[in-house]
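Have a look at the structure below before the remarks.
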Amino acid sequence: MNRRNLLSMALLSLSAIALAEPADTLKTDSIDANKPVFTVIKEIPITSIKNQSKSGTCWDYSTLSFFEAEILKKTGKTYDLSEMFVCNKNYMDRAIMTVRLHGDMQFEQGGSAYDVHYILKNYGICPEEAMALPGQMIGDTLNNFAEFFKAMPAYVKTIATSDAKKLTPAWKLGLQGIIDAYIGKVPETFTYEGKTYTPQSFAKSLGLDWNDYVSITSYTHHPFWTEFAVEVQDNWRQGMSWNVPMDDMERIIDNAIDNGYTIAWGGDVSDDGFTRDGMAVLVDTKKMVDNEGSDMAKWLKLSAGEKKDKLQKLGVNVPELTPTQEKRQEEFDNWELTDDHGMLIYGKAKDQNGREYYMVKNSWGETGEYKGIWYMTKNFIIAKTMDFTVNKNAIPKDIRKKLNL
């Protein structure tokens, strides 16, 4: 082969490389451009990530995380409070109410932030180490309520729907035995850091004023600036929430974070935009369909996995809806906005496009892209909030004045 041919082949090879490289570079840049890069705006100290495992106890884990963060803010001390103490007391109270209503009430694993608040205020609390650890009573290392919540609801239903003319006190003893057998007995006294406490005296030692905490929501089927019990089944204690306009609800969340307070959030995570990898976006389905070049019927027929793949492909460039008061009400009334999950909001961040997110602690262990932390857009949180618990001192002064707090 002569030198001219060799030179020609070399030039052709270089040309091929030159043509190939931009395509590869564009492909890599495209992926990188969609992958979230978060910048923290504000982050409040919180306690460690927990794992509720196979139990419907997000309400318990998220709200105790909230109070642990409150203690940390006020005293600088880190506590690991017992979720199973709360479950033990709450399930007995809920069973008593179910029986009192002859079964005309749901008896399930779920609950509300108010349940935790009520128990801390009325029964006290103990540290994690003072009770059996989650799963320990059934020979596991984490919660598994599968058998527990086959036995207990059946027992409660049998008593609640009995044709007896008079119930004996024995049913409560029997149920308490079931609860204690599966999640551990509540201690009457215990020793912590060299001191002996009752659950009530330990709760008092934590340094919080239980009257400082209020619940906030935003719906139009009740007057704004009044309190009402949000009509969901797990709010069986009829805990009251202050009803404020949606924009003021957002102001409360932002003001709380800006001033170093966390929020015990309850809301809907059943939406397509909530991923298992640590993000949540209020997806504009119409724009997604337009981007895919398909019709709405085709999008709706996609499996959850297929939708997830398309959303992940777009990453931070997923088109978002802007929440409205009217849409919140519509979704609550038609069962789209449901009471699914409890989590802890503890910070704010933004992505490379400037979109703002709340930083949220979950209770599914160190799972997902961010090891147990979720980045949920402000639009998603405002649209999907059922209610949340917050320290009343975290509420803007003008709103507190309207609420007489």
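The values are calculated or read from the model by the stated rules, or taken from the named source; none is laboratory data. Here the structure is a predicted model, which is why all the values come from computation and not from measurement. Note that each Cβ is placed from the backbone with ideal geometry, even for glycine, and that neighbours are counted across all protein chains shown.
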Selection from region 330-346 of residues within 14 Å of the chain's Cα centre (by Cα) and surrounded by fewer than 22 Cβ atoms within 10 Å (Cβ to Cβ) yields Thr338, Asp339, Asp340
Set Arg237, Arg276: member being of a type in the set (Lys, Arg) and surrounded by 17 or more Cβ atoms within 10 Å (Cβ to Cβ): Arg237
Since Tyr118 meets every condition but one in (1) surrounded by fewer than 24 Cβ atoms within 10 Å (Cβ to Cβ); (2) under 23 Å from Glu366 (Cα atoms); (3) in contact (Cβ under 8 Å) with a residue 24 or more places away in the chain; (4) not hydrophobic (A, V, I, L, M, F, W, C), which condition does it not meet? (2)
Test Asn255 against the criterion of being modelled with pLDDT of 95 or more, polar (S, T, N, Q) and part of a helix (DSSP H, G or I), and give yes or no. yes
Return the pair list, or none, for Cβ contacts closer than 9 Å from residues in region 249-270 that are touching a residue at least 60 places away in the same chain (Cβ under 8 Å) and closer than 11 Å to Pro396 by Cβ to residues that are part of a strand (DSSP E or B) and among the charged types (D, E, K, R), at least 6 apart or on different chains. Asp254/Lys348; Asp258/Lys42; Asp258/Lys348
Would you be able to say whether some residue in region 9-17 is at pLDDT below 50 and in a loop (DSSP other than H, G, I, E, B)? no
Filter result for Gly266 (modelled with pLDDT of 95 or more, touching a Gly at 6+ places or on another chain (Cβ under 7 Å) and not in a helix (DSSP H, G or I)): yes
Do we have Thr63 as buried (at least 17 other Cβ atoms within 10 Å of the Cβ) and without any contact (Cβ under 8 Å) to a residue 60 or more places away in the chain here? no
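Of all residues in region 355-405, which are among the charged types (D, E, K, R) and in contact (Cβ under 8 Å) with a residue 12 or more places away in the chain?
Answer for region 355-405, where residues must be among the charged types (D, E, K, R) and in contact (Cβ under 8 Å) with a residue 12 or more places away in the chain: Arg355, Glu356, Lys361, Glu366, Glu369, Lys371, Lys378, Lys384, Asp387, Lys392, Lys402.
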Set Asp284, Asp272: member being among the charged types (D, E, K, R), touching a Ser or Thr at 6+ places or on another chain (Cβ under 8 Å) and at negative phi: Asp272
Restricting region 33-60 to residues that are at pLDDT 95 or above and of a type in the set (D, E, K, R), the residue that is surrounded by the fewest Cβ atoms within 10 Å (Cβ to Cβ): Glu43
Any chance region 227-238 includes a residue that's farther than 30 Å from Asn334 by Cα and either free of Cβ contacts under 8 Å to residues at least 40 places away in the same chain or in contact with a Gly (Cβ under 8 Å, 6 or more places away or on another chain) (or both)? no
